[in-house]
Structures are given as C-alpha cells and as structure tokens.
1. For the chain, what is the percent of antiparallel DSSP beta bridges, rounded to the nearest 5?
2. Quick check: the distance between the Cα centres of segment 106-163 and segment 283-359, to the nearest angstrom?
3. In vacuo Debye scattering of segment 70-195, one point per C-alpha: log10 I(q)/I(0) at q = 0.10, 0.12, 0.16, 0.22 Å⁻¹?
4. How many times 2.2 N^0.38 Å is the alpha carbon radius of gyration of segment 328-473?
5. In the chain, which whole DSSP H runs stretch at least 15 Å along their own axis (Cα) and average 0.5 or higher on the Kyte-Doolittle scale?
6. Return one quarter of the surface area of the convex hull spanned by the alpha-carbon atoms of segment 213-256, equal to its mean projected area, in nm².
7. For the ranges 407-419, 34-46, what's the packing order if you count other beta-carbon atoms within 10 Å of each residue, average per peptide, and put the highest first?
8. In a Debye calculation with equal point scatterers on the alpha-carbon sites of segment 174-283 and no solvent, what is log10 I(q)/I(0) at q = 0.11, 0.17, 0.20, 0.22 Å⁻¹?
Amino acid sequence: MSAQAVPAPPRPASATAGGRVVTARRPGGMTLLLLGCLMVGAASLLTVSAPTYDPWSWIIWGREVAHLDLVTSEGPSWKPLPVLFTTPFSLFGDDAAPALWLVIARAGGVLALAMAFRLGTRLAGEWAGAIAALSLLVADDFIRDFARGNSEGLLVAFVLWAIERHLEGRRTQAFLLGFAAALLRPELWPLWALYGLWLIYQDGWSRRQIAVVVGVGLLCLVLWFVPEYLGSGDWLRAAERARDPNPGSAAFASSPFVEVFRRSAAVLTVPVYVGAVIATLLALWRRDHVRLALAAMSTVLMVAVAAMTQGGFAGNLRYVALPAALVCVLAGAGWVDLVRLTRARLGLVAAVALTAAIAAGWYPFAHTDMNDLREDRELTMRESDFYGPNLKAAIAKAGGEDKVKACGGHVFAGPFQVPAVAWRMHLHANQVEIFAFGPGTALSMGATYLSMDPRYPEITKTSHWIVGSSCGR
C-alpha cells in the first residue's frame, strides 16, 4: 500500500523585493488591542461629545503651534504630549480637531482598563485581571475624566504598559513608554530618571544606552520648557499656574498633605484597598519583588502628589488616578491569591465559601459604584452639550463669529468657559476676558454675574448659554 502524500501547511504570503523574499507579518496582539481601543474611542463620538477645560486649551495650543503663533500666558499648565496630537489635528477643522483628541483620550482610557486586566492576569490569572479592570472601571471619576478629554487614561495606560514591557524584558521600550508618561505628569520624572540610570548600569554603561537615555531625557525637558517660554516668555509659567489652585482645592486645607489622602480615600472602595493590602502582605511573605515594587510605586506617587499639594499645587483628585490603578492591580492579585491559599490549606469547600463571602461583601459597594457611573454619564453628557452643540448654537444665534467680535473687539466669558469660547471664536485664550469692561459681547452660562451684567443686555440665548452685548441687537 503506497503512502499518501501529506499536504504541506500553508505558508505565509510573501512577495519578492529586490531578490529577497519578504514575508507578510500578521498584526500582533498589542497592535490589534490598540486598533480596538481607537475604534471604541471613535464609536464614543456617536453620543454628544466635547472636551472640558484643560483639553480645550491643548486643542487651542495645537492650532497655534501649527500657525507658529503660540500663546500660553493664560489657561492651564502646559502639557507636551496632548499638543503633539492636537497640532496635526488642528489641520482638520474646528469640529474635527476636538473630536480627534477625544478619540485619543478615550482610547487611552480604554487601553488603561485593558492594561490593568493584562497586568493583573500576569500576576495571578484572568480572575485577578478582571478584578483589576473592574475596580479601575468604577474608580471615582476615572471614566468621566478621560471621557471629557483629560489625559489620566493615557497616563495610566502608558505606565501599566511600561511595567508589562519591563516584565517582558523589553526595557528600552518600557523607558520610551515612561517618556510618554513623563510628558503628562512631572511627578513621574524622578522614577523615570532612576529607571533610565538603572538601564545604563544594566547595559554596562554602553554608549548606545547612554545616548538613548540622555537624549530622550533632554528631549523631555525641551518639550516641557521651550514651548512654554516661546508662548509666555516665562520658562516656569506652567509651574506657577499649577501653584494657583481653584477654590476648594486640597491646597487650601490646614494640612494639604493629609487632606490629599483624606479626599483620595473615596476614589476606590474598601474591598479594593483590602485586596491590595492582602497582596502586599503575601508579597512580603513570599518575597515577591514585582508586587512589592507595585505597592512601593503606588505609595511613592501618592506621597509625591500630597507633597506637591503641601507645596501649593492643586492636588486634584484626578492626579491620583495612576496610584489608584496600581492599587486595583494589586487588589485583583490579592483576592485571587487568598482564595487559592485557602483552597490549598483548607480545601475546595472553604475556598468556595470564601469566594461567596467576598462577593457578598463587595455587592453594596458595587451597587453604589454603578449608580455613580450613571450620574457621571449624565454629567458628562450635559457638559458635552454645554461646550459643544449649545455653544455653537449660541454663537450662530448671535449672528456668528464676526458679528460677536465686531462689538468693540472684546469678548467676555466665565473663567472656565474661556478656552472653549476662544476655540470657537478663533482667538487666543488671553483675548477672551473674564473681567468685563468696555464695549463687547459676553457669552456666559445662566445665573452668573456676567449673564446679569446690565452693561451687556441679553441679545439671545440657548438652553445653557446667554449672549449679551453692549452693542444691542
């Protein structure tokens, strides 16, 4: 009986280029994940979407950089990474540029959740990953922040991704991801710099590694300080702005350092903190350096935010998103390890009973978290309508951009509405004034001092905005 020929397995598609066989590569898992996050970010625009205060300023600065006319003397602190995106985005028009930034910010938030799952899974399996991702999902204001275009989602994503790259042995990639994170938050600089020095030491002080670390470090400083100087004439304008917190900031408490910890306690629920403590204690017992490093990093970052607040910086709760994410990852590993340890010592029945007890204890917190998510969604939709369609409608009803600017050349707005108005009116942020004086047009939300100023009687309004002008109708 003759043997039948076994067909060869299909070979990857290839092409010939210059005598060489080029094999087509399929996209890797991380590439597909990034594309999926971008698709989710794009799909989110199907709802009413508009950025909040800080992102509007980054979007304005992107337009100004593209036109070589950067002015940063007003607005929030300069932040390099968003402007690297918003500069090319500004070429796509007034409506597309904010939408494109929202896609990036929201994709970053989704990626942060995915990376929490991946890192938790790496530490203790998929159940740990699920607990980590869900804990971050319901962390106070986390979704709301990146849904409004803030950068905390991107920050968490970059750092968790960098940790994964480090654990994979891709240390230079981890350093470059740390560079992206360092372009968002300056309190990461010391940890990032120490990691760079460690890389140089580990690589035997090679010239290549020194060039990468020193070169990228200098680029970070250039991107933070040079545009700020060109835009405001002050190298440290960003730091001075950050030391001018809004009313109600933790910086005004009797002990700002302690106040940051007190306010931050509500960001995560009790079961998350308990799980992280369990993970840390088990890590001490087992000498698990990875989990101990995550616990140490979370602690150092929290202390850094508190110390900066003690020094007069704002201490906003969104600044603790990164240490909170690390706690979520530890919580997933802690609870899963506890159940496994119980099973190993006391058997399956005891492990099942413990799992049921954990779920029952977590339920009331989860119920509250879901209600908070619904409230956050409503607030985000209302704010998006305010800064998006409603503001456009108010300007159109007032006769359009040119008509609004024609009255004495002055445009006034409330303090937190300045960047959005400046974007729609094609002005620098410092050209929209918050202290009304002289002829001009005021765009304000209802029930504010500006909306009731008799010098600028109402000429039109929408559901959220009132337009008043000293020039009348």
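1. Values: 12 of 17 bridges.
Counting DSSP beta bridges with both partners in the chain, the antiparallel share is about 70 percent.
2. 14 Å
3. Taken in order of the listed q values, log10 I(q)/I(0) reads -0.36, -0.51, -0.86, -1.31.
4. Working: Rg = 26.6 Å, N = 146, 2.2 N^0.38 = 14.6 Å.
Cα Rg divided by the expected 2.2 N^0.38 Å: 1.82.
5. On the way: long enough: 29-43 (21 Å, 2.08); 53-66 (20 Å, -0.24); 96-124 (42 Å, 1.33); 126-137 (16 Å, 1.46); 152-167 (23 Å, 1.16); 171-182 (16 Å, 0.94); 189-202 (19 Å, 0.76); 207-232 (37 Å, 1.31); 270-286 (24 Å, 1.69); 289-310 (31 Å, 1.42); 321-346 (37 Å, 1.23); 348-387 (55 Å, -0.03).
Membrane-span-like by this criterion, though nothing is claimed about a membrane: 29-43, 96-124, 126-137, 152-167, 171-182, 189-202, 207-232, 270-286, 289-310, 321-346.
6. Details: hull surface 18.1 nm².
Averaged projected area of segment 213-256's Cα convex hull equals 4.5 nm².
7. Working: 407-419: 19.2, 34-46: 15.5.
Peptide ranking by packing, descending: 407-419, 34-46.
8. Evaluating at q = 0.11, 0.17, 0.20, 0.22 Å⁻¹ gives log10 I(q)/I(0) of -0.61, -1.02, -1.07, -1.11.
The values are calculated or read from the model by the stated rules, or taken from the named source; none is laboratory data. Here the structure is a predicted model, which means the values were calculated and not measured. FYI the Cβ positions are ideal-geometry reconstructions off the backbone, even for glycines, and counts take in every protein chain you see. Remember, those area values only see protein heavy atoms, side chains included, never the ligands or the DNA or RNA. Shrake-Rupley method; radii C 1.70, N 1.55, O 1.52, S 1.80 Å.
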